[in-house]
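The values are calculated or read from the model by the stated rules, or taken from the named source; none is laboratory data. This structure is a prediction, so every number in the text was calculated from the model and none was measured. Using ideal geometry, Cβ is built from the backbone for each residue, glycine included, and neighbour counts are taken over all protein chains shown.
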Number of protein chains: 2
Amino acid sequence: MFEFKLEATSGNARVGILKTPHGDIQTPIFMPVGTRATVKTMSPRDLLEVKAQIILGNTYHLYLRPGHELIKKAGGLHHFMGWDKPILTDSGGFQVMSLSGLRKITPEGVHFQSHIDGSYHMFTPEKVIEIQNALGSDIMMSFDECPPYPATKEYVADSLKTTLDWARRGKEAHKNTKKQALFGIVQGGIHEDLREESAKALMRMDFPGYSIGGLAVGENKPDMYRITNFLHDILPKDKPRYLMGVGTPGDILQNIENGVDMFDCVMPTRNARKGTVFTRHGKLIIKAARYKEDFSPIDADCQCYTCRNFNRAYIRHLFNVDEFLGMRLATIHSLHFYLELVTLARQAILEDRYNEFKNGFGAKLDTRIE
Amino acid sequence: MFEFKLEATSGNARVGILKTPHGDIQTPIFMPVGTRATVKTMSPRDLLEVKAQIILGNTYHLYLRPGHELIKKAGGLHHFMGWDKPILTDSGGFQVMSLSGLRKITPEGVHFQSHIDGSYHMFTPEKVIEIQNALGSDIMMSFDECPPYPATKEYVADSLKTTLDWARRGKEAHKNTKKQALFGIVQGGIHEDLREESAKALMRMDFPGYSIGGLAVGENKPDMYRITNFLHDILPKDKPRYLMGVGTPGDILQNIENGVDMFDCVMPTRNARKGTVFTRHGKLIIKAARYKEDFSPIDADCQCYTCRNFNRAYIRHLFNVDEFLGMRLATIHSLHFYLELVTLARQAILEDRYNEFKNGFGAKLDTRIE
């Protein structure tokens with residue numbers, strides 16, 4: 001049921017189609033984050049309208065609440081949340097590693113305490129596969145340790161050995177390979193030799209896709225771009241590459257140029273809920289007082305539901321009086337923009353003018369509109 | 001542009017059509033409350049989908065934020081919030097009266113302090129007309145004093161004199177009568193003689209519609225029903241009657257039987273946000289643990305977006321983890337139910353079987369599902 005077909009390139013930028021049991025995904029793609037079985041403020045049809053093709057669910061959060069066994073009883077995560085297109089789940093690794101003070105890493109796995117009630121739990125490579133099998137996501141992640149940044153090279157190298165062993169154990173534990181594709185996660189920090197070691201070891205295990213983890217954790221952007229560019233020549237051309245947790249619109253365009261196919265980030269949704277939206281002209285702080293009497297849409301050229309029907313003054317008012325609809329209208333706009341961004345990138349690659357597109361359309365995306 | 005056409009009766013229950021500049025309203029009708037230019041959690045198209053025909057806006061809240069002058073600049077409340085069907089605005093009277101300690105009533109009007117920043121303001125009958133003219137609502141309310149409950153009969157009688165004087169002054173101040181209909185508000189507490197005095201004085205002023213205020217403020221339900229039943233014989237048959245702030249599904253059916261045409265209440269929306277929804281089988285506490293593994297919809301017979309696509313376990317999970325979508329799905333269901341309720345009542349009146357409908361369909365509506 002899984003197949004990745006590379007359709008076109010422009011420089012190192014790639015266009016492909018990833019076939020999954022819940023439908024095809026046109027790459028490059030941005031995946032909205034639905035941590036707790038909902039992309040915050042959005043209904044499934046809101047997601048379809050902004051042209052989401054695949055969303056994320058979070059293994060750690062769903063394991064704690066409502067529990068993966070309950071979701072399995074509901075018929076899986078798709079059925080539980082009313083979303084019948086593809087879903088990718090992370091491994092929970094990033095979340096349990098972030099529970100500093102509440103967790104202990106051993107070769108066997110990670111002991112941790114729930115951030116909700118302090119109860120004790122353990123994630124092993126086998127356990128996170130069991131959880132993701134129960135969730136029934138189309139794309140699963142191997143359990144990995146994501147080292148903090150900064151970390152010594154020795155720490156990163158040691159951690160990498162554990163992560164590779166966990167990848168092997170997870171792959172052995174995963175039986176439902178026809179319906180769920182398990183990706184390996186390349187680690188190695190900002191060190192090219194460690195990244196190469198990680199990628200090649202995973203490639204020997206032959207995963208149907210490769211994630212790039214351990215970036216967007218605090219390193220400088222040139223380091224991030226250097227690593228993705230470096231990995232482009234190493235990772236197999238015929239498998240999808242997913243850069244985890246990235247990023248700004250500019251980051252996405254730069255990493256598409258470096259051969260990445262898939263992205264996820266809470267940035268468009270979280271910023272929207274706090275009153276900042278993304279547009280082709282830069283970031284706009286929609287809750288700012290300067291828009292109090294601005295009766296134009298967020299972006300006059302945007303075709304999203306928000307921009308077709310509501311003006312800045314109204315959305316600013318909703319934020320000012322703490323009305324839910326403000327967060328939702330802002331989220332709709334920003335997700336629509338992120339998904340339009342990757343669609344435009346895709347078109348530019350198909351027409352072999354990606355670099356021109358990135359330098360033109362992409363030039364002002366990460367600036368702030370004053 | 002205004003016309004009320006009485007189409008059918010069944011006992012005292014009435015079916016009519018109220019023509020407004022923004023479209024016809026089929027009565028009896030329930031009007032969702034959109035206090036601050038949004039029905040909480042709902043977009044305008046969500047409202048259309050649940051078959052809302054008219055919504056409320058709140059003069060006091062909109063005067064304070066974003067301000068009626070700003071809404072006027074935006075082209076009026078319809079344009080500001082993206083809702084092109086009818087809007088009814090209250091007079092702000094109920095809100096400023098509720099600011100106990102922050103307000104002082106004089107024959108001229110009410111001095112009050114903003115609940116937001118403590119700033120000083122004054123509402124007069126003329127001022128609230130000016131505000132509602134700026135908002136551009138289809139149906140406006142006269143400024144009235146809504147006496148607290150309980151109050152002495154002397155207090156209610158004195159207050160009534162002020163309210164009648166304010167109704168006269170407001171009517172004189174209202175010039176935009178072709179586009180905005182100003183209703184008079186019948187007061188008089190639970191005293192039939194005062195209610196009669198109030199209604200007849202207002203009828204001499206000849207308003208295009210009559211509101212029944214000062215009920216659902218703490219009195220016993222039999223008193224509420226007695227007063228609406230009493231007013232049925234007094235109020236003109238050819239004008240719409242609006243019972244303010246009512247109520248439960250059972251209250252609505254009982255008051256339709258007493259000849260009321262229009263209702264508003266925060267109950268379906270507020271309760272939904274707190275995790276309780278209304279169904280034809282009674283109230284259901286959707287956030288309750290007992291629904292943790294209940295994979296059936298809120299109401300299998302309901303055709304709303306929520307019931308067609310989501311199950312109780314999922315909605316309960318959303319409430320359990322404080323996700324916005326839970327409040328929205330519950331709101332969609334309960335508003336759909338309230339609007340289906342008045343549609344079914346309308347059909348029963350047209351078929352002259354209203355009493356049977358009320359005693360059958362209506363029997364369990366105000367109970368709680370255990």
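Can we say B:Phe143 is under 21 Å from B:Gly34 (Cβ atoms) and assigned to a loop (DSSP other than H, G, I, E, B)? Taking the combined requirement at face value, the residue satisfies it.
Has the range B:185-202 got any residue that is aliphatic (A, V, I, L, M), surrounded by 15 or more Cβ atoms within 10 Å (Cβ to Cβ) and over 22 Å from the mean Cα position of the chain (by Cα)? For the range B:185-202, residues aliphatic (A, V, I, L, M), surrounded by 15 or more Cβ atoms within 10 Å (Cβ to Cβ) and over 22 Å from the mean Cα position of the chain (by Cα): present.
Can you pull out the residues in the range A:33-47 that are in contact with a strand residue (DSSP E or B) (Cβ under 7 Å, 6 or more places away or on another chain) and more than 7 Å from every other protein chain (Cβ to nearest Cβ)?
Within the range A:33-47, A:Val33, A:Gly34, A:Val39, A:Leu47 meet the criteria.
For the range B:280-295, the set of residues classified as in a loop (DSSP other than H, G, I, E, B) and either away from every other protein chain (no Cβ under 11 Å) or among the β-branched types (Val, Ile, Thr) (or both) consists of B:Arg280, B:His281, B:Ile286, B:Lys287, B:Ala288, listed by residue number.
Can you pull out every residue in the range A:110-144 that is surrounded by fewer than 22 Cβ atoms within 10 Å (Cβ to Cβ), in contact with a Ser or Thr (Cβ under 9 Å, 6 or more places away or on another chain) and either within 19 Å of A:Val186 (Cα to Cα) or polar (S, T, N, Q) (or both)? Of everything in the range A:110-144, just one residue is surrounded by fewer than 22 Cβ atoms within 10 Å (Cβ to Cβ), in contact with a Ser or Thr (Cβ under 9 Å, 6 or more places away or on another chain) and either within 19 Å of A:Val186 (Cα to Cα) or polar (S, T, N, Q) (or both), namely A:Gln113.
For the range A:241-292, filtering for residues that are crowded, with 21+ Cβ neighbours inside 10 Å, more than 20 Å from A:Leu215 (Cβ to Cβ) and small (Gly, Ala, Ser) leaves 1. Inside the range B:350-370, residues that are in a loop (DSSP other than H, G, I, E, B) and either in contact with a Gly (Cβ under 7 Å, 6 or more places away or on another chain) or within 14 Å of chain A (Cβ to nearest Cβ) (or both) make up a count of 6. When residues in the range B:1-55 are screened for being basic (Lys, Arg), without any contact (Cβ under 8 Å) to a residue 60 or more places away in the chain and assigned to a strand (DSSP E or B), 2 of them pass. Residue count for the range A:48-80 under the criterion of being hydrophobic (A, V, I, L, M, F, W, C), touching a Pro at 6+ places or on another chain (Cβ under 9 Å) and more than 9 Å from chain B (Cβ to nearest Cβ): the result is 5. For the range B:81-102, the condition holds for at least one residue, the condition being that it is within 13 Å of another protein chain (Cβ to nearest Cβ), crowded, with 24+ Cβ neighbours inside 10 Å and at pLDDT 95 or above. The set of residues from the range B:269-279 being away from every other protein chain (no Cβ under 14 Å) and assigned to a helix (DSSP H, G or I) comprises just one member, B:Asn271.
Scanning the range B:301-349 for residues that are of a type outside the set (Val, Ile, Thr), outside any helix (DSSP H, G or I) and within 14 Å of chain A (Cβ to nearest Cβ), we see that the one that is surrounded by the fewest Cβ atoms within 10 Å (Cβ to Cβ) is B:Asp322. For the range B:231-250, the set of residues classified as over 13 Å from B:Lys200 (Cα atoms), in contact (Cβ under 8 Å) with a residue 40 or more places away in the chain and touching a helix residue (DSSP H, G or I) at 6+ places or on another chain (Cβ under 9 Å) consists of B:Lys239, B:Met244, B:Gly245, B:Thr248, B:Pro249, B:Gly250, listed by residue number. Of all the criteria given as (1) under 19 Å from the mean Cα position of the chain (by Cα); (2) surrounded by 20 or more Cβ atoms within 10 Å (Cβ to Cβ), the one not satisfied by A:Lys51 is (2). B:Pro125 passes every criterion in (1) modelled with pLDDT under 95; (2) away from chain A (no Cβ under 14 Å) apart from (1).
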